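Asks: Quick one: the structure is below, questions incoming.
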Ligand code: GAL
């Protein structure tokens, strides 16, 4: 086959060894990671002349594992659905960047004459391999291992390994995942000796019988292999023998019990960490070890902001620990098998895994799915090859509870063939695939971004008929999973709580996986060295999908976003509900197998934001699925603004977090605040030169604008603000409505103010204003009623809509500005992080402080952020002069930043946000929720903000 024919071939490869398990073996192994000689061709070389770096020309060095676009060769490109080349399968463009990798490897004398394999854990996308000048074969399947028999070519001493990797191939039509197009040997390469009489493959079947507590172990391996499990008293059991074990501890995500299983022949020993567990579908319920599971999951792409999909061991561990410490119990490996060590970490630390095949053909959808490979039998081998390599590699991992055929590949016979093969090869795990809603060949009904209402209907088995009525009964009878929901792009998602309530309400719903774990931003620097994260279009791609690649629960550098903190709270495995009236706490254990014995409970109180007491709370051990009610101890007496918090923390170190790590908490207010005393402010405004004096404040006489308050200069007087820099969810790229487009169309970003009246009153000063966008006949009428005492100022603001408002509002607030010297904010209310009405569970009442800069969340694409909810009072200080104190009656939303919402709207990357000469303060009467409409449902009705009369009373003073 010519090089071009290989590139265009429907076949998945040639000359490779059959797929086998990823096995920790004592057989000698030489890592080929490190520096390789490298050169990049603009197209696939026409001949198979073996690349030779000694020619010098165009050669340099490159790191393996790595992606060449992040090492100075070519540039990354991002598209979501669309192929970045004309759709003419199996042909790809002539311009096909092709990298030649060359290195030598020193082979010991004793290897010569033995079998050996050259193993590539991942080569994106088309790999051709030579050793010592001989063509070994070629392979596709970028995130799948490929092995070539090489023993017959090896010589003692130096051997030359050559890998030619092309960016595009026929296989690219099967690898249209929503991620950066990047290439190279991005996972490890190794040379492994295969001793005669060794263990090429192992398939461990370790079942758990929850009715007896017993286990059954059957290890398929080379006929002469012997199996030992010291802990279970098993020694030298012949491979292929089923052993019944009277009592084993099962593996689960909550208690990831592993046993060391040693498989040995005279020449090789393989040591596996094995978990006994069962996965079963029981009616419409997904069960592990006989207990229903609720997947509190995330979709994880492999990502590192500097190295792309080449992810190092520390980063993988960091992901696992971040997940565990945020109450996540499941991962869908969207949309390809991850590095094999990641799956091992899931075994060890306890995460359920939906292991997905490296398959997505979404780019055919925009063309009506014409030519989709999924139903084209010419691609059948490629499909089966992928699925086989996926399953065989990780088949021994207890964490894998579902095999997934791939993502968004339409439907067709090749998918059905893969499912059929899995059912034969590994009947112990159900099959998942979302793309076929009929669910004819899968075992769970999977959907993505189903609305709350749809999930509710599915939970009740009342979802609408799908395409093929013959399959309806099957689909309706199987468990339901949301393989993607709650699109975590930018600020959001909102509405997690309501999803969780549905998942918990219906047995049929086994939970879901938030889309997605991490923003795939690429770390870049401005000329002055300021770091930022790049997204689609930043590398000059002619076709791209912008920042849709940044939609994770953690920022590209793995800083947890507010969305992750919200998710942690919403999916907490233990709930503590406090009844402030009866002083009772109901502790509910939502675990599948763990009791609450690993947690210790404590209470704490505060009044006016100051801590007033704390102690331990005796909670009897609560079994999974059970609740207890305990009484709080007598709480410190409080007159106003006091809350009690109950917190459950790790009693001892866990492998994934130290003792004291908080797992869950609950809070209740037990003394509330009196409203601002109106009568105290009944003094008239005084004329003082060109100003009005109202209490400690000065207002401009002509315009009624507030100019100063005590010693605090007010640069821009309070004015109505309805605009917020659209969030990705406001943009609603793939949602039911594009709120931000409606807002702009109406002109909410360019409201015009008209002062109707400034009126001196017996109790102060009254301003009447009308705010409306040009060309519109709707308006918001605002009355600002100011009154003062010696040292304080009171504002009552009333907002009345005029006309028939066609849209809901982003926010409703007052905005003013203070000198840039203001640097710090402290407040009493919900915190410490940002929150919005439909994403507020993670915020707790307390007294918080932050620098102004620390209040901002650096979303990859700048957008509305930083809003603190339920603020009772806030103090803005800095610069050594008087600060401003604002109290709400009852409370307000607070946003403080060094730029305006308009500047935030215009910014495209974080360095575009440049501090100006003032600090902007927004005090909100209300904010809209966030929703998840960047891909999924919009803001639920309860969190929408219709234009309707609203009022707020504030008290200002200096500090
Ligand atoms: C889904 C897809 C994901 C991702 C997501 C949007 O349709 O499966 O890969 O593209 O939408 O971010």
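Asks: Suppose we filter 359, 377 for residues that are within 15 Å of the ligand (Cβ to nearest atom), at pLDDT 95 or above and in the same structural domain as residue 434 (by TED's automatic domain parsing); which single one remains? Step through it out loud before you land on a result.
Replies: Details: 377 fails: within 15 Å of the ligand (Cβ to nearest atom).
So the residue among 359, 377 that is within 15 Å of the ligand (Cβ to nearest atom), at pLDDT 95 or above and in the same structural domain as residue 434 (by TED's automatic domain parsing) is 359.
Conditions (1) within 16 Å of the ligand (Cβ to nearest atom); (2) surrounded by fewer than 16 Cβ atoms within 10 Å (Cβ to Cβ), marked per residue:
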site: 909; (1), (2): no, no
site: 912; (1), (2): no, yes
site: 918; (1), (2): no, no
site: 927; (1), (2): no, no
site: 932; (1), (2): yes, no
site: 940; (1), (2): no, no
site: 944; (1), (2): no, no
site: 947; (1), (2): no, no
site: 952; (1), (2): no, no
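Asks: Something else: Being within 22 Å of residue 579 (Cα to Cα) and assigned to a loop (DSSP other than H, G, I, E, B) narrows it down to one of 652, 638, so name that one.
Replies: On the way: 652 fails: within 22 Å of residue 579 (Cα to Cα).
Selected residue: 638, the only one of 652, 638 that is within 22 Å of residue 579 (Cα to Cα) and assigned to a loop (DSSP other than H, G, I, E, B).
Asks: May I ask you to list the residues in segment 140-171 that are in a loop (DSSP other than H, G, I, E, B) and either in contact with a helix residue (DSSP H, G or I) (Cβ under 6 Å, 6 or more places away or on another chain) or surrounded by 18 or more Cβ atoms within 10 Å (Cβ to Cβ) (or both)?
Replies: Kept after step one, since they are in a loop (DSSP other than H, G, I, E, B), are these residues of segment 140-171: 140-145, 150, 154-156, 167-169.
Within segment 140-171, 140, 141, 142, 143, 144, 145, 150, 154, 156, 167, 168, 169 meet the criteria.
Asks: List the number of the failed condition for residue 797; all other conditions in (1) surrounded by fewer than 22 Cβ atoms within 10 Å (Cβ to Cβ); (2) under 40 Å from the mean Cα position of the chain (by Cα); (3) not assigned by TED's automatic domain parsing to the domain that holds residue 890 hold.
Replies: (1)
Asks: Report yes if residue 63 is out of contact with any helix residue (DSSP H, G or I) (no Cβ under 6 Å at 6 or more places or on another chain) and closer than 24 Å to residue 338 by Cα, otherwise no.
Replies: Yes, satisfied.
Asks: Would you call residue 305 in contact (Cβ under 8 Å) with a residue 60 or more places away in the chain, surrounded by fewer than 23 Cβ atoms within 10 Å (Cβ to Cβ) and either more than 25 Å from residue 487 (Cβ to Cβ) or within 16 Å of the ligand (Cβ to nearest atom) (or both)?
Replies: Considered against the rule, which asks whether it is in contact (Cβ under 8 Å) with a residue 60 or more places away in the chain, surrounded by fewer than 23 Cβ atoms within 10 Å (Cβ to Cβ) and either more than 25 Å from residue 487 (Cβ to Cβ) or within 16 Å of the ligand (Cβ to nearest atom) (or both), residue 305 comes out as no.
Asks: Working carefully through the options 351, 415, 384, 391, find the one that is within 16 Å of the ligand (Cβ to nearest atom) and either touching a residue at least 12 places away in the same chain (Cβ under 8 Å) or farther than 22 Å from residue 311 by Cβ (or both).
Replies: Criteria check complete, one pass: 415.
Asks: Here is a check on your reading of the model: is residue 712 modelled with pLDDT of 95 or more and assigned by TED's automatic domain parsing to the domain that holds residue 929?
Replies: yes
Asks: With the requirement that a residue be under 29 Å from residue 86 (Cα atoms) and either free of Cβ contacts under 8 Å to residues at least 24 places away in the same chain or assigned to a strand (DSSP E or B) (or both), what does segment 172-193 give you?
Replies: Step one: of segment 172-193, the residues under 29 Å from residue 86 (Cα atoms) are 172-187.
Selection gives 175, 179, 180, 181, 184, 185.
Asks: Of the residues 542, 556, which single one is outside the structural domain of residue 867 (by TED's automatic domain parsing) and buried (at least 22 other Cβ atoms within 10 Å of the Cβ)?
Replies: The conditions single out 556.
The values are calculated or read from the model by the stated rules, or taken from the named source; none is laboratory data. Quantities reported herein were computed from a predicted structural model and do not represent experimental measurements. Positions of Cβ are backbone-derived with ideal geometry, glycine not excepted, and every protein chain shown enters the neighbour counts.
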